[in-house]
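Report on the structure given below.
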Amino acid sequence: MQEAYLTQWRCAPFAMLVIDQKLEIVAANQALEAMLQLEQEQLNGLHLAAIFDCYDQVLPLANQPIKNSEIFGQFVLTPTTELNVRLTVSAIDNGIITIMVAIAQDWQSDFKRINNSLSRLSFAVDAADIGVWEYDLKYGGSYFSEKCRELLNVSSQQPFSWQDFIGLVYDDDVTILEAFLEQHVKYNIPLNLDFRLQVGNELRWFHMRGEVVLLRGEAQNIKGSLTDCTHAKQIVTELNDAMESKRIAMDAGQIGTWKSEYDQQGQWCWSWDEMTNNMFDLLPQQTGDIDKLFNQIHPEDADMVKLALEASLTQGIPFSLNYRLLLKNDDVRYLVCRGRTTKNIGDKNYRIDGICIDQSTVHRYQQELQQLNSELEVRVVKRTQELELAKEQAEHSSQIKSDFLAMMSHELRTPMNGVIGSLDLLATSKQTADSMDLIQSSMTAAKNLVFILNDILDINKIEAGKLSIEERPYCLSEIIDNVIQVFVPIAAKSNLILKVSEDPGIPLMVKGDAIRMRQILFNLLGNALKFTHSTAEKQGVVLLKVSLDNSDGRNLRFDIIDNGIGIGAQTQKQLFKPFIQAELSTTRKYGGTGLGLAICDNLVQLMGGLIVLTSAPGEGSTFSVTVPFKSVEEQHEIYGDALDGVKVALRCLSDFGQASSARIALSLLASCQGITVTNYGIGDKDELDSDATFIVATDLSRELEQLNGLLGESVAGDPVILLVCEPDIELARYHYPALKILRMASLTRIQTIESTINMIKQADELQLDDFDDWDLDPELGSEDCNSTMLTGEILIVEDNPLNQKLILKQMDNLGFTCDLAHDGLQGIEKWKNNDYRLILTDCHMPNLDGYQMTQKIREIERNEQRSEIPIIAVTGAAMSGDAERCYELGMSDFVSKPVQLADLRKVLTRWY
Amino acid sequence: MEVLNRNVMRELIGDDNQLMKKFELEFLKQARESMRKITGLYNNNQVVLIKEEAHFLKTSAKAVGAELTADILQQLELIAQENNKAQCKDAIVQLNVALKQVYGAVRS
């Protein structure tokens, strides 16, 4: 600032000051100094706010001051001296603000102050979402503030009258509003009500307040506020709802509530509801009186209750107690009380809320129940003792019965075996036809009796838990074959078809109990055949199907399926119990002990398996047995290399035989490595390149010509197995007696394999004349040798009867009588017991040969210091080295076979 | 080598034709039994065991002068020891024929 200008500015008649951007005073002129009665030095550096109190809450200069803008406020010179001033921004230059200061008139200051207050009020009212309205009672005019219009969803430009406002009021509330307005004007009753208004599409709650304005005692208009209280209304409604629900629930549950709050005087103020009051048998005016309440508590429980309550109030421990009340009429009530304390913001327990329930009825029931339980327990103990005694007696009786049955069965079985053996022998002797029939009947009856005895022994063992299941490798197919072969003739006799189907995927060797498995199959198959019949309308069929269980391949499944008489649902439940048969009539008609299925069921269970029966009367039965099995890791080579490299041909005489043909192929291929199986077509006339041939005939009477042709041409000379249906068996045997004939339906895996092996074997066998037609009489008798006594001083040791007779004859011719031994062992015995002078022995004999006998005799002679007996070898070998061997082993001499008389004489002369 | 050399027997027991015949028939009985055993052993694949039976019959054959038979039995003994089934079969068939010849000679 230039000096001249500064001087002029300093001397200006108007008070002025200069401030910088920080609102700190940079300069002040003399007029201002005079106005404020302060020196320049006192003002410089002061913040404007330090001496100037702006009527506005914020000093407008702080943010981009505008030239000519005015600011009203007070210069606070001392705590008691104030000066109302108006500051006018006169220049802004590079952040330096020049301000003119003038003493403000009072009205200016008041106006500004009021204006500011109104502005603040208006702002606050808007911020509080309060609408303002006015209604002229005399002329009907009205005013609605912007906020009011906003709340009512009416734009500021839209004309909006009092009638328009009344039009928005919900119909039900119009009368109330008008009544309130009228009452307010007439009787000055406060206008303070809630009603509903239609705002847009919504019906909302509003709270209206108002005050009538009087002029000279006459009501001029009403001014008031309008606020949207929909949210508050909703809260209140929901709260009321919750309170009502709680009240109803508490009433329904006969639950009383109580509470206590810690008041400002440091006292716990108690209150409770009517239900609690009634529970404690208190008068209405005693509500909240904790001492009266405690008086009602049973004296024996009062201290406990006080302690627990104290702990809750001081330590916040949840209050949970069952205690008694002792009422004035000496009635005792049983209460359950629960309470929980709440902490205030200072972490201090300031209230507790709780409930109490009258459990007297429940307590009474509990007492009665306990009494009943006690009585019941006594009765149960007594009854249990009786039952245990009865059980022990029953078990003892059962044990005696089982022991007796087992003993009797065992004792009966032994003589029965004798009976069967005797009958067997009797059957082999020559008998008349009638006698043979009787023997066969006796045999059947005896065997049946043994089966029954065996069953009784088994069921006893099972019931006693003494039956165990073995786990050893066995050939399952052999067991199946064994069972099937037993039943084939029985089925044939009853005109039944017995079918078997074996899954070729089942290993030949499995681990398990072969005997028990056979027993199970034997029983089930026997039953199926027993209860199945062929009639004119229906062919009786029994099928044994053996497969791997599909679920995991670790179970064997045996289905025994028949189309017999079937079993009703009621009987099925009893069927696996011992001594139970389907029906009494069944027992009478079919016989049996009813033990078979019980044994089967128990055996299957012991194996870890299951029997399932599916049946209906007249529709046959299916017994499905599932048992786990273990495959033998190293499958035994059951058939070795018997079929290695063997070529088998299959030939069906019609398409119907293809299934059987495929079954044969699968059985052979799955069981024997190195075998080749070829299925030749029906009309294939090529010569078969095979070692054995299966021919499948499904209708033999019609296929005879075709079969004859085949046997005469393609397979001439080859080993053949003919497979036929059950009805064609006799026809096949009649026409082809030399052929191996098998039943198609009951062909087992083992039968297939073994038949093939036997065929191959037979082809390789020697079939020589057995010389039965030789006429070989008269017999060479011992009398020809004149040595009937067979005693003498020479022992002949020889095993060959012809040679024995020959040498005896020779010795006889030479005039010697001899004794005879048939081998070295007998030779030693005879030498020990007789005093021979010479032994002639064959060298090659069974049991003990001549060499070994000589060694033994020499050893005994040495040990017993006996003189050596001459032993002459009679050897058939007579090869070089034989003489040396004889001498080495202690023999005295030798002659070659056949012994010439001259040689014999010579050696006898030398040694006898 | 003869089917039946009667001189052999003559040298053993002297010139008693009736007794000789009895020994020959005794041999044939023995041979019939041995043939059954040998065939059975062959069919049961027990070729090695044939050796013992062949040896047994061989001494009898030699004694009665059934030279051809004894020779075949000697061969059979060796073949059986080697477990040669095919050759065994041939030898057994030859033996069968030889025995038939002996029977024929005895009965003639």
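The values are calculated or read from the model by the stated rules, or taken from the named source; none is laboratory data. What you see is a predicted model; the values in this text were computed from it and never measured. Reconstructed Cβ throughout: ideal geometry from the backbone, glycine too, with neighbour counts over all protein chains shown. For the accessible areas, the whole protein counts, side chains as well, though only heavy atoms, and no ligand, DNA or RNA atoms are used. Shrake-Rupley method; radii C 1.70, N 1.55, O 1.52, S 1.80 Å.
Within the range B:2-23, is even one residue over 27 Å from A:Gln767 (Cα atoms), at pLDDT 90 or above and part of a loop (DSSP other than H, G, I, E, B)?
yes
For the range B:1-49, how many residues are within 17 Å of the chain's Cα centre (by Cα), among the acidic types (Asp, Glu) and away from every other protein chain (no Cβ under 11 Å)?
Total meeting the criteria: 1.
Can you tell which of A:Asn344, A:Asn278 is open to solvent by 40 Å² or more (accessible area, probe 1.4 Å) and either at pLDDT below 90 or of a type in the set (Gly, Ala, Ser) (or both)?
Values: A:Asn278 fails: either at pLDDT below 90 or of a type in the set (Gly, Ala, Ser) (or both).
After applying the criteria, what remains is A:Asn344.
Which of the numbered conditions does A:Lys538 fail, given that it passes all the others? Conditions: (1) assigned to a strand (DSSP E or B); (2) out of contact with any Ser or Thr (no Cβ under 9 Å at 6 or more places or on another chain).
Every condition holds for A:Lys538 apart from (1).
I need the full set of residues from the range B:77-86 which are within 11 Å of chain A (Cβ to nearest Cβ) and among the acidic types (Asp, Glu), in order please. Quick ask: steps written out before the conclusion?
The initial filter retains those residues of the range B:77-86 that are within 11 Å of chain A (Cβ to nearest Cβ), namely B:77, B:85-86.
The one that is within 11 Å of chain A (Cβ to nearest Cβ) and among the acidic types (Asp, Glu): B:Glu77.
So which residues in the range A:702-741 are of a type in the set (Asp, Glu), farther than 19 Å from A:Ala692 by Cβ and either open to solvent by 40 Å² or more (accessible area, probe 1.4 Å) or part of a strand (DSSP E or B) (or both), if there are any at all? Break it down stepwise before answering.
Residues of the range A:702-741 of a type in the set (Asp, Glu): A:703, A:705, A:713, A:718, A:726, A:728, A:730.
Within this subset, residues satisfying the condition of being farther than 19 Å from A:Ala692 by Cβ are A:703, A:705, A:726, A:728, A:730.
A:Glu705, A:Glu726, A:Glu730, listed by residue number.
What do you reckon, is A:Lys112 basic (Lys, Arg) and in contact with a strand residue (DSSP E or B) (Cβ under 6 Å, 6 or more places away or on another chain)? Give the derivation first.
Values: basic (Lys, Arg): yes; in contact with a strand residue (DSSP E or B) (Cβ under 6 Å, 6 or more places away or on another chain): yes.
Yes: the conditions hold for A:Lys112.
Quick one: B:Phe56 ticks every box in (1) facing chain A (nearest Cβ under 9 Å); (2) within 19 Å of B:Asn5 (Cα to Cα) except a single one, so which number is it?
Condition not satisfied by B:Phe56: (2).
Inside the range A:486-520, can you point out the residues that are open to solvent by 60 Å² or more (accessible area, probe 1.4 Å) and either touching a residue at least 60 places away in the same chain (Cβ under 8 Å) or over 18 Å from A:Cys725 (Cα atoms) (or both)?
A:Lys499, A:Lys511, A:Ile515, A:Arg518
Which residues, counting only those in the range A:840-886, are among the aliphatic types (A, V, I, L, M) and at pLDDT 90 or above?
Taking the range A:840-886 first, the residues among the aliphatic types (A, V, I, L, M) are A:840, A:845, A:848, A:853, A:857, A:860, A:869, A:871-874, A:877-879, A:883.
Once the filter is applied, which keeps residues that are among the aliphatic types (A, V, I, L, M) and at pLDDT 90 or above, the range A:840-886 yields A:Leu840, A:Leu848, A:Met853, A:Ile857, A:Ile860, A:Ile869, A:Ile871, A:Ile872, A:Ala873.
Kindly establish whether A:Asp173 is farther than 23 Å from A:Val132 by Cβ and in a helix (DSSP H, G or I).
On the way: farther than 23 Å from A:Val132 by Cβ: no; in a helix (DSSP H, G or I): yes.
No, not satisfied.
Within the range A:65-100, track down each residue that is assigned to a strand (DSSP E or B) and open to solvent by 50 Å² or more (accessible area, probe 1.4 Å). Walk me through it before giving the result.
At the first step, the residues of the range A:65-100 found to be assigned to a strand (DSSP E or B) are A:70-78, A:81-93, A:96-100.
Within the range A:65-100, A:Glu70, A:Val76, A:Leu77, A:Thr78, A:Thr81, A:Glu82, A:Arg86, A:Ile92, A:Asp93, A:Ile96, A:Met100 meet the criteria.
Is one or more of the residues making up the range A:757-767 outside any helix (DSSP H, G or I), open to solvent by 80 Å² or more (accessible area, probe 1.4 Å), free of Cβ contacts under 8 Å to residues at least 24 places away in the same chain and within 14 Å of chain B (Cβ to nearest Cβ)? Break it down stepwise before answering.
Within the range A:757-767, the first condition is being outside any helix (DSSP H, G or I), and the residues that meet it are A:765-767.
With open to solvent by 80 Å² or more (accessible area, probe 1.4 Å) added as a condition, the list becomes A:767.
Okay, now just the ones that are also free of Cβ contacts under 8 Å to residues at least 24 places away in the same chain, so A:767.
Then keep just the ones that are within 14 Å of chain B (Cβ to nearest Cβ); that gives A:767.
Looking for residues that are outside any helix (DSSP H, G or I), open to solvent by 80 Å² or more (accessible area, probe 1.4 Å), free of Cβ contacts under 8 Å to residues at least 24 places away in the same chain and within 14 Å of chain B (Cβ to nearest Cβ), one finds at least one in the range A:757-767, hence yes.
Looking only at the range A:374-387, which residues are open to solvent by less than 100 Å² (accessible area, probe 1.4 Å) and either closer than 27 Å to A:Gly253 by Cβ or of a type in the set (D, E, K, R) (or both)?
Passing the criteria: A:Glu375, A:Glu386.
A:Thr748 versus (1) more than 30 Å from B:Ala98 (Cβ to Cβ); (2) in contact with a Leu (Cβ under 7 Å, 6 or more places away or on another chain); (3) open to solvent by less than 20 Å² (accessible area, probe 1.4 Å): which is the lone unmet condition?
Every listed condition holds for A:Thr748 apart from (2).
Residues that are open to solvent by less than 80 Å² (accessible area, probe 1.4 Å) and within 14 Å of chain B (Cβ to nearest Cβ): which helices (runs of 4 or more DSSP H) entirely in the range A:805-912 hold 3 or more of them? Working first, answer last.
Working: elements: A:824-833, A:850-864, A:882-888, A:901-911.
Correct list: A:901-911.
Give the number of residues within the range A:404-457 that are touching a residue at least 60 places away in the same chain (Cβ under 8 Å) and either farther than 23 Å from A:Leu595 by Cα or of a type in the set (A, V, I, L, M) (or both). Spell out how you get there, then give the answer.
Looking only at the range A:404-457, we keep the residues that are touching a residue at least 60 places away in the same chain (Cβ under 8 Å), and these are A:452, A:455-456.
With the extra rule that they be either farther than 23 Å from A:Leu595 by Cα or of a type in the set (A, V, I, L, M) (or both), the set shrinks to A:452, A:456.
Adding up the residues that qualify gives 2.
Of the residues that make up the range A:42-64, is at least one surrounded by 15 or more Cβ atoms within 10 Å (Cβ to Cβ), part of a loop (DSSP other than H, G, I, E, B), polar (S, T, N, Q) and over 60 Å from the mean Cα position of the chain (by Cα)?
no
State whether one or more residues within the range A:246-253 are exposed (fewer than 11 other Cβ atoms within 10 Å of the Cβ), more than 24 Å from A:Phe280 (Cα to Cα) and free of Cβ contacts under 8 Å to residues at least 12 places away in the same chain. If you could, list the steps in order and put the result at the bottom.
Start the filter on the range A:246-253 by keeping residues that are exposed (fewer than 11 other Cβ atoms within 10 Å of the Cβ), which leaves A:248-249, A:252.
From the residues that got through so far, the ones that are more than 24 Å from A:Phe280 (Cα to Cα) too are none.
Within the range A:246-253 (the criterion being exposed (fewer than 11 other Cβ atoms within 10 Å of the Cβ), more than 24 Å from A:Phe280 (Cα to Cα) and free of Cβ contacts under 8 Å to residues at least 12 places away in the same chain), the answer is no, since none of the residues qualifies.
Do any residues in the range B:87-108 that are within 11 Å of chain A (Cβ to nearest Cβ) have Cβ atoms under 9 Å from those of residues that are hydroxyl-bearing (Ser, Thr, Tyr) and outside any helix (DSSP H, G or I), where the two are at least six apart or on different chains, and which pairs are they?
none
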